[in-house]
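Structure first, commentary second.
The values are calculated or read from the model by the stated rules, or taken from the named source; none is laboratory data. Quantities reported herein were computed from a predicted structural model and do not represent experimental measurements. Cβ: placed from backbone, ideal geometry, glycine included. Neighbour counts: every protein chain shown.
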Amino acid sequence: MGEKFREIIKQRGGTYKGVRLSVEDETGIGLMPIHRRPITWKGIRPKISSEIKREYGYLFGMIEPPAGKDFMMEMPCLDTASMQVFMDEFSREDETSLHLIVVDNASAHTTEKLKVRANIVFIFLPANAPELNPIQRFSKELKDWLSDYEPQTIKEVSRLISQGTDRFLGKGNEFDYIV
């Protein structure tokens, strides 16, 4: 993969101020409870919510581990239109750098309908290998942390997501657990 990066930088990097490497992924977040094994005394059944709520959305995330930067957006669905909005907003953040973005082979990334700006290049991971994407560890950590809460509204979920991203990706965190 190193050769591929060098080739892309050689072809397109000369016209930009710098080159930035990020990883991107989406994860479903909503009101469906995330249950983990609770700790209780032997013989005591834990009290957990069994109410099924069907309100959910997706957290689109981009992390740049070397620089300690992140870009996150909550979107209502996972489709090409949402991915287009996310990529447009991200590319406006830094138009002077060439962005090499590691993504999986989800249809929202590979469709010809997705139009990314010239300063963005996707580097595709092998199919069916999500464990190769370092941002998956962030998603797991966030969901594990969210499992301690039972939000009642999507607004509460958004607030918790904001707290969680600050906690795991906040200032002073060098993304050691991602790299």
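Under the condition of being of a type outside the set (V, I, T) and either at pLDDT 75 or above or in a strand (DSSP E or B) (or both), the residues counted in segment 1-30 number 13. So for segment 130-138 (the condition being at pLDDT 90 or above and either of a type outside the set (A, V, I, L, M, F, W, C) or in a helix (DSSP H, G or I) (or both)), does at least one residue qualify? No, the conditions are met nowhere in segment 130-138.
Just one of the numbered conditions (1) farther than 26 Å from T153 by Cβ; (2) in contact (Cβ under 8 Å) with a residue 40 or more places away in the chain is not true of S139: (1).
I'd like to know if segment 135-146 contains one or more residues that are surrounded by 17 or more Cβ atoms within 10 Å (Cβ to Cβ) and under 29 Å from G14 (Cβ atoms). Yes: segment 135-146 contains one or more residues that are surrounded by 17 or more Cβ atoms within 10 Å (Cβ to Cβ) and under 29 Å from G14 (Cβ atoms). Applying the condition of being outside any helix (DSSP H, G or I) and at pLDDT 80 or above to segment 151-179 and asking which residue is surrounded by the most Cβ atoms within 10 Å (Cβ to Cβ) yields P151. Of all residues in segment 68-114, how many are outside any helix (DSSP H, G or I) and of a type outside the set (K, R)? The total comes to 27. So which residues in segment 120-129 are part of a loop (DSSP other than H, G, I, E, B) and crowded, with 17+ Cβ neighbours inside 10 Å? If the condition is that a residue be part of a loop (DSSP other than H, G, I, E, B) and crowded, with 17+ Cβ neighbours inside 10 Å, then L125 is the only one that fits. Only one of the numbered conditions (1) more than 13 Å from the chain's Cα centre (by Cα); (2) outside any helix (DSSP H, G or I); (3) more than 27 Å from K10 (Cα to Cα) is not met by R117, and that is (3). Screening P130 with (1) under 21 Å from L31 (Cβ atoms); (2) within 16 Å of the chain's Cα centre (by Cα); (3) not hydrophobic (A, V, I, L, M, F, W, C) gives one miss only, at (1).
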